[in-house]
Structures are given as C-alpha cells and as structure tokens.
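Structure first, commentary second.
Just so it is clear, none of the values below were taken in a lab; they were calculated from the coordinates. Small disclaimer: the values here were computed from a predicted structure and weren't measured. In this analysis, Cβ positions are derived from the backbone assuming ideal geometry, glycine residues included, and neighbour counts consider all displayed protein chains.
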Amino acid sequence: MDSLKNIMFVDVRGFTGWLNSLGSANEMALDLIRHLYRQFNKKHFEYKKFLGDGVMVFSKASTTERGTKRDLIKLIAITNNTVDEFNKKRKEIESGLGVDCSTLGLGFGIAKGPINVINIPGESILEHVGERINLAARLCSLAKPSGIVVDRESFSSIPAEHEDLFLEKEVKKIAGFSERRVWVSHDVHIDNAHETFGTAEKLTEVHVTGLCTSKGELLLAKRADSRDIYPGRWAGPGGRVKKSESFDEALKRHFRDEAGVEIKDINLIKTYFIDTHKIPGLIFHCSLDSGEPVVNSEENQSMHWWKKEELDTLNLIPNLKDVAKKVLEQLKEDE
C-alpha cells in the first residue's frame with residue numbers, strides 16, 4: 001500500500017576519499033559518521049535508514065499547499081541544524097587528528113511522493129520502494145560539493161524566509177529521470193544545469209493583486225491590522241512575485257494561500273506603485289474557477305464578496321476602488 005511521504009537523503013561529501021587519505025579507518029574519523037547517525041536518531045521521523053556515510057528518512061507529507069510549505073520549512077530547518085552540528089564535529093576531529101577536513105560537507109536531496117512497503121521473500125524484513133525514493137537519492141548525489149537540492153515538482157515554491165538562499169535550475173540529465181526542474185542552494189554546483197529564472201542577485205520586488213469576480217460580485221480581503229502596509233484596509237488577494245514565477249503563477253499561488261480558491265481567465269488591467277514603498281504593482285482581473293473563499297492566511301482578517309454599490313462603504317487600498325467599479329460595470333455590460 002502506498003503512502004505520501006517527504007523523503008530526504010543526506011550524504012557526507014568527500015568522506016571515502018578523505019578516510020582513505022588517512023591510511024586507516026581511524027576511530028575518531030569514523031566518529032563523524034556516528035555523530036551524524038546520532039543527530040538523526042534524535043529527530044522524529046516515521047522511518048530512518050542508515051546507509052554507510054549517509055541517511056535516508058521519511059516523514060508524513062501534507063496534501064495541502066500550506067501544509068507542504070510547512071513541511072519544507074521543517075526539512076530546511078533540519079538540514080541547517082544538521083550542518084551546524086556536523087561542522088562542530090568536523091572541527092573537533094580536525095583539531096584532534098591534526099588533518100584538513102575542509103573537503104568534507106553534507107549533501108541533501110529532498111522530494112515528496114508515494115512509497116510502497118513490501119516484504120522481502122523469506123525474510124522478516126520490510127523494504128520501502130518508490131520512484132521518488134530513487135529521485136531523492138539522485139538529487140542528493142547532485143548536491144556537490146555540499147548543499148541542498150529540492151525537487152520542484154514536489155515543492156512548487158520555496159518558503160519566503162528561505163527564497164534568497166535558493167535558485168531554480170533545470171537539470172538536463174539525472175540518472176533514471178528526464179530533464180527536471182529543481183531548487184538548489186547557492187553552494188551547489190551542477191554542471192549539466194542552467195538557471196530557469198533570475199540570478200543570485202536580488203531582483204526588483206514586484207507585487208500582484210487580483211480582482212476576482214463571480215456572479216457579478218467581487219472578492220476582497222480585509223488586511224490584518226498587524227500588516228506594515230495598509231493595515232485593516234480592503235484589497236484583492238495578492239502579494240510579492242517570487243523569482244521563479246510568472247505573474248499568473250504568482251497570482252494563483254496567492255489566491256490559493258490566502259483564500260483557498262483556484263482562479264482562471266487572468267488579464268492585466270492596471271499598473272501602479274505602492275505609494276509608501278515605491279514598489280511596482282500589477283492589478284489583474286480574474287474569475288473564480290473552483291473553491292469557496294475562506295480566510296486561509298494570518299495576513300487577512302476577513303474575506304467577502306461585494307457588489308459594486310457596496311464598494312463606497314469600504315476602506316480600500318489606494319488605486320483600487322475606481323478599477324474595481326469598472327471591472328464590475330464591464331461584467332454587467334457583458335451579461
């Protein structure tokens with residue numbers, strides 16, 4: 001029976017060559033691997049398997065977009081903590097043995113997918129199999145000289161707090177898999193890959209806002225009072241465009257995250273600047289495709305459908321009221 005899991009492989013980069021250079025399997029050197037094992041024994045995974053100088057772990061995967069983001073945040077936190085502990089132990093061993101350990105690092109491969117558990121014939125052993133297990137292992141092998149490689153199909157976006165640490169790349173060849181898009185941390189160097197969008201340099205910040213209509217009404221969200229920009233005012237769902245996204249992709253993501261709905265028929269209707277921050281913004285008209293709007297984010301305090309005549313009663317963000325009225329007027333004319 002298959003089950004959806006987050007899958008992570010971690011491997012000590014350069015360990016075999018480094019160990020051979022010592023001339024013998026020094027116990028202190030081997031303690032580096034034991035220390036890695038101990039780190040993962042402390043962490044709560046559904047399943048873990050130690051593989052020589054590496055580890056494979058599974059955790060239960062969320063089936064929602066918000067849950068998937070939380071999963072990735074946790075996985076990245078685990079990689080960061082593991083690297084910190086590994087580097088401490090590496091320095092300890094470097095000092096104790098008086099040898100250079102700078103060539104050692106950790107590589108991580110992360111994917112998500114179904115996993116099957118099977119019985120090994122004639123043995124009381126359960127084994128785990130699945131395409132995404134193989135993929136996570138291959139991604140780990142790409143993480144050289146160290147770093148993290150994340151399957152983009154499994155995790156469509158990088159959490160905002162980590163997005164400056166990753167680039168999206170398209171890998172031309174992965175053993176057993178066709179061309180594939182991945183997220184890679186900046187310390188990873190893949191020869192047969194190219195960036196699909198952006199560079200390591202910071203791109204200009206751009207925001208998108210959506211005016212979603214259905215049955216002659218307009219969906220607006222009341223921004224949380226804690227927001228830095230326009231707190232407590234009404235606006236269409238939206239926000240920052242990420243490095244890897246088109247404007248349409250960004251708008252769809254914000255509607256999913258903030259309102260739990262899917263949108264379609266996206267058309268640009270206005271450009272503007274967010275006054276107090278001089279951030280360029282784009283306003284799009286779209287229509288509801290599926291779902292019932294709910295407050296799905298701490299960024300908003302309420303979500304509501306409004307008629308044209310009700311817009312004057314609302315404290316909307318600048319530049320929006322006249323545009324919103326025109327959208328609803330046009331809809332009425334098209335009926």
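Worth pointing out:
- Bridging of K60 to lysines at a Cα separation below 24 Å is possible for K5, K42, K43, K48, K49, K69, K74, K112, once same-chain residues fewer than 8 apart are set aside.
- Rg followed by Dmax, in Å, when the chain is reduced to its Cα trace: 24.5, 83
- Close amide H contacts of F155 (hydrogens built in the peptide plane, cut-off under 5 Å, sequence separation of 5 or more or a different chain): none are found.
- Our note on the geometry: Cα centres of the stretch 1-44 and the stretch 271-335, 52 Å apart.
- Separation of the R38 and K60 label points, Cα + 7 Å toward Cβ, nm: 3.0
- Taken over the stretch 275-335, the alpha-carbon convex hull comes to 136 cubic angstrom per residue.
- Length gained on full extension, I229 to L30: 66.3 nm, using 0.36 nm per residue less the C-alpha separation.
- Helical contribution to [θ] at 222 nm, DSSP H n ≥ 4, -39,500 (n - 2.57), averaged over the chain, rounded to 500: -9500 deg cm²/dmol
- Of the peptides 223-231, 289-297, 179-187, the ranking by mean beta-carbon count within 10 Å, highest at the top, reads 179-187, 289-297, 223-231.
- Long hydrophobic helices in the chain: the complete DSSP H runs spanning 15 Å or more by Cα along their own axis with mean Kyte-Doolittle hydropathy of at least -0.5 are 131-142.
- Under a 5 Å amide H cut-off, with hydrogens placed 1.01 Å from N, L211 pairs with F284, H285, C286 among residues at least 5 apart or on other chains.
- Each label point was placed 7 Å from the Cα along the Cα-to-Cβ direction; for S290 and V99 their separation is 5.7 nm.
- Given their separation in residues at 0.36 nm each and the Cα-Cα distance between them, K326 and R70 gain 88.3 nm when the chain is fully extended.
- Here the Kirkwood formula puts the hydrodynamic radius of the stretch 1-111 at 15.1 Å, using every distinct Cα pair.
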